[in-house]
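Dropping a structure here in structure tokens format, bear with me for questions.
The values are calculated or read from the model by the stated rules, or taken from the named source; none is laboratory data. In this text the structure is predicted, and so the values were computed from the model without any measurement. Backbone-built Cβ (ideal geometry, glycine too); neighbour counts: all protein chains shown. These accessible areas exclude ligands, DNA and RNA; they are computed on the full protein's heavy atoms, side chains included. Shrake-Rupley method; radii C 1.70, N 1.55, O 1.52, S 1.80 Å.
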Amino acid sequence: MRVESLCDTRKSNAKLNELKSEELDSGDIKVLPCHETHKQSLNLIDFLVSMSRICNDNFDPNYEHITLEDTIKLDKIYGRNISLEEGLHFPDRVAPRIKFRWTCERTIIKEDLTFMWYRVFVQIADFANLLPQFRQLIITDQCQLFRHNFAVMSWVYYLQETKNINRKLGIPFGNGSYAPMNIDEFEYKCDKEISTFKQVKKFYSKLDRIYQPFLELDVDEKEFCIFKTLLLFQFEENLSDEGRKICHRINDSLIEALWVYQSIRFSESSYEERAKRQSKILLIIPKINHAIQMESDLTLLMSVFDLPLALAKAKAKNKTKDKAKTKAKAKAKDKAMTKTKDKAKSKSDSPAYSDSPVTYIPKTKVVEE
């Protein structure tokens, strides 16, 4: 654990003791957690912040500054044939730990989009694997949590890292690439790249709207870490019995820690004000989940394991089906037209019949005199 985290804990404990003495002198008793719970909660918060910083500082020196050519090459050789279980056990097989650069150096290409989502997977897997409660889960429970929660955690990670970045120029992706706010279609080689850019812009514009509550509530690093961990352990209903118990315990501890931290950070606020703020923070969770569901097609497109390929195959299959249907319709139409022509020709060549069902009038040639 870092020295600054320990200092923060000591400062917080001193603040708590100061508050207790003020309450006794004034006779105004505020609702505060017991000292033991308070201490455990602060230790948990310090631990989460330390783990988050360790993940941010952990990168491969060989990939400290990757170029456009590096991104294209890495996107082809990493992540595609890795199972989720193997990806959690060996995150570096999904993507190398490049150093994040939240800068706007060049416009994105489709390889930036896919590769950086693999890199974010590695970041979140590293964070999860540092948590004792996650390691206590059996691998099937770990995979289940990641399937449900990776997308929302990646959103919160992105928001946390770009909190203090000016995004007027565009939306950074973490490897020096960015999606500019204004589309210049002449910069892109084909309609496919333009379509990718438009999808990215739509996706992240929704993310920016989700970010507004974080800005309004002034969520800081410690609260982000608590929130991120809460997201990891949600949707535990389909886990094993032991897995559900672990998730319930850690979620209870995280909610308690969030409340304790507010008692310190907003010590001058009333109990009702702190309760209201905590409720607003927790209500962001269903908003993010809803936004993910609304954009499920793009989430699948940018998902980590095999889904981009499956989606491409499904689209190709549908395209083939549509082509076959169009061809069959054209063939049936040609056949019907040929049949109609043959029928008309046959009728013109056959003997003529009068309106009477009895009288037969043979067809004769007219001879000019």
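Given the condition hydroxyl-bearing (Ser, Thr, Tyr) and farther than 28 Å from SER50 by Cβ, answer yes or no: does some residue in the stretch 134-146 qualify?
Of the residues in the stretch 134-146, the ones hydroxyl-bearing (Ser, Thr, Tyr) are 140.
Checking which are farther than 28 Å from SER50 by Cβ leaves us with 140.
Looking for residues that are hydroxyl-bearing (Ser, Thr, Tyr) and farther than 28 Å from SER50 by Cβ, one finds at least one in the stretch 134-146, hence yes.
What do you reckon, is ILE183 more than 20 Å from LEU283 (Cα to Cα), β-branched (Val, Ile, Thr) and at pLDDT below 70? Outline the logic, then answer.
Working: more than 20 Å from LEU283 (Cα to Cα): yes; β-branched (Val, Ile, Thr): yes; at pLDDT below 70: yes.
It is true that ILE183 is more than 20 Å from LEU283 (Cα to Cα), β-branched (Val, Ile, Thr) and at pLDDT below 70.
Do we find that LEU239 is at negative phi and modelled with pLDDT under 80 in this structure? Outline the logic, then answer.
Details: at negative phi: yes; modelled with pLDDT under 80: no.
No; evaluated as a whole, the condition is false for this residue.
From THR229, THR196, grab the single residue that is buried (at least 17 other Cβ atoms within 10 Å of the Cβ) and modelled with pLDDT of 95 or more.
Values: THR196 fails: modelled with pLDDT of 95 or more.
Only one candidate passes the filter, namely THR229.
So, one more: State the number of residues belonging to the stretch 241-270 that are in a loop (DSSP other than H, G, I, E, B) and open to solvent by 40 Å² or more (accessible area, probe 1.4 Å). Break it down into steps so the answer makes sense when it comes.
Residues of the stretch 241-270 in a loop (DSSP other than H, G, I, E, B): 266-270.
Imposing the further condition that a residue be open to solvent by 40 Å² or more (accessible area, probe 1.4 Å) reduces the set to 266, 268, 270.
So the count comes out to 3.
Here is a list: THR67, THR71, THR107. Which entry is under 15 Å from ASN175 (Cβ atoms) and surrounded by fewer than 16 Cβ atoms within 10 Å (Cβ to Cβ)? Break it down into steps so the answer makes sense when it comes.
Working: THR71 fails: surrounded by fewer than 16 Cβ atoms within 10 Å (Cβ to Cβ); THR107 fails: surrounded by fewer than 16 Cβ atoms within 10 Å (Cβ to Cβ).
Answer to the check: THR67.
Between residues in the stretch 126-155 that are free of Cβ contacts under 8 Å to residues at least 60 places away in the same chain and residues that are open to solvent by less than 10 Å² (accessible area, probe 1.4 Å) and of a type in the set (A, V, I, L, M, F, W, C), which pairs lie under 8 Å by C-beta distance while being six or more apart or on different chains?
ASN129/LEU88; ILE139/LEU88; GLN142/LEU88; GLN142/ALA128; GLN142/PHE134; CYS143/LEU88; SER154/PHE121; SER154/ILE124
Does ASN149 qualify as being open to solvent by less than 20 Å² (accessible area, probe 1.4 Å) and either more than 23 Å from LEU68 (Cβ to Cβ) or at pLDDT 90 or above (or both)? Full working, then the answer.
Details: open to solvent by less than 20 Å² (accessible area, probe 1.4 Å): yes; either more than 23 Å from LEU68 (Cβ to Cβ) or at pLDDT 90 or above (or both): yes.
Taking the combined requirement at face value, the residue satisfies it.
Under the condition of being surrounded by fewer than 17 Cβ atoms within 10 Å (Cβ to Cβ) and not basic (Lys, Arg), which residue from the stretch 87-101 is modelled with the lowest pLDDT?
If we take residues in the stretch 87-101 being surrounded by fewer than 17 Cβ atoms within 10 Å (Cβ to Cβ) and not basic (Lys, Arg), then ASP92 is modelled with the lowest pLDDT.
Let me ask something else. For the stretch 109-141, name all the residues that are closer than 17 Å to HIS89 by Cβ and part of a loop (DSSP other than H, G, I, E, B).
LEU130, LEU131, LEU137, ILE138
Can you confirm whether THR299 is modelled with pLDDT under 75 and open to solvent by less than 50 Å² (accessible area, probe 1.4 Å)?
Values: modelled with pLDDT under 75: yes; open to solvent by less than 50 Å² (accessible area, probe 1.4 Å): yes.
So THR299 passes the test.
Oh, and also: Within the stretch 58-83, count every residue that is within 18 Å of ILE108 (Cβ to Cβ) and in a helix (DSSP H, G or I).
Number of matching residues: 9.
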